[in-house]
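K.L.:
Can you keep this structure in mind? I'll have questions shortly.
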Amino acid sequence: MIFFILILSTYIFFSLDSMSSLVVFILLEVCLYSILLSMSWFHVMILLMILEMLMLLIFLLMNFSILLMKMSGIFIFMFITLSVAEASVGMSLLTMLVRSHGNDFMQISIF
C-alpha cells in the first residue's frame, strides 16, 4: 500500500509543472504536520512549533495563490497580523503554564 502511494505521488509530482508540484509538496507537508499535531499533544512547546509550521505553510500557499490569481496583497498582511497575534497568545499561555506547573507537560487524556 505504501509502495503504491509512493509511486502515485512520484507520478503526480513529476507530471505537473514546477508551481503545481510545489503546491502539492506544501499540501503534503500540511498533512504531515497535521498528523504530527495529533500524535504529540502532550508538550505545549511542540504543539506551538507545529502550529507555527502550519502557519508558515499556509502563508506560502496564500502567496502562491495570490501570485497566480493576481489579487491584492492585503490578505497577506491580515494573515501575518493574525499569525503574530496567535503566536503571542500561545507564548503567553506557555509562560503561564510553566510558571504554575514547572513544565509544559499536559497530563490530559483525549482518547
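The values are calculated or read from the model by the stated rules, or taken from the named source; none is laboratory data. These numbers come from a predicted model, not from an experiment. Cβ sites come from the backbone with ideal geometry, for glycine too, and all protein chains shown count toward neighbours.
K.L.:
Being surrounded by 14 or more Cβ atoms within 10 Å (Cβ to Cβ) and modelled with pLDDT of 80 or more, is that true of even one residue in region 17-27?
P.N.:
No, the conditions are met nowhere in region 17-27.
K.L.:
Hey, does region 42-64 have a residue that's in contact with a Ser or Thr (Cβ under 6 Å, 6 or more places away or on another chain) and aliphatic (A, V, I, L, M)?
P.N.:
yes
K.L.:
Still on this model: When region 82-101 is examined, which residues are found to be among the polar types (S, T, N, Q), over 17 Å from the mean Cα position of the chain (by Cα) and surrounded by 11 or more Cβ atoms within 10 Å (Cβ to Cβ)?
P.N.:
95
K.L.:
I need a count of the residues in region 62-76 that are free of Cβ contacts under 8 Å to residues at least 12 places away in the same chain, surrounded by fewer than 14 Cβ atoms within 10 Å (Cβ to Cβ) and in a helix (DSSP H, G or I).
P.N.:
4
K.L.:
Residue under question is residue 33, and the condition is that it be assigned to a helix (DSSP H, G or I), hydroxyl-bearing (Ser, Thr, Tyr) and under 10 Å from the mean Cα position of the chain (by Cα); does it hold?
P.N.:
yes
K.L.:
Exactly one of (1) within 26 Å of residue 9 (Cβ to Cβ); (2) in contact with an Asp or Glu (Cβ under 7 Å, 6 or more places away or on another chain); (3) free of Cβ contacts under 8 Å to residues at least 24 places away in the same chain is unmet by residue 57. Its number?
P.N.:
Against the list (1) within 26 Å of residue 9 (Cβ to Cβ); (2) in contact with an Asp or Glu (Cβ under 7 Å, 6 or more places away or on another chain); (3) free of Cβ contacts under 8 Å to residues at least 24 places away in the same chain, residue 57 comes up short only on (3).
K.L.:
From the list 4, 59, 13, 79, exactly one residue is surrounded by 11 or more Cβ atoms within 10 Å (Cβ to Cβ), part of a helix (DSSP H, G or I) and at pLDDT below 80. Which is it?
P.N.:
Of 4, 59, 13, 79, the one residue that is surrounded by 11 or more Cβ atoms within 10 Å (Cβ to Cβ), part of a helix (DSSP H, G or I) and at pLDDT below 80 is 13.
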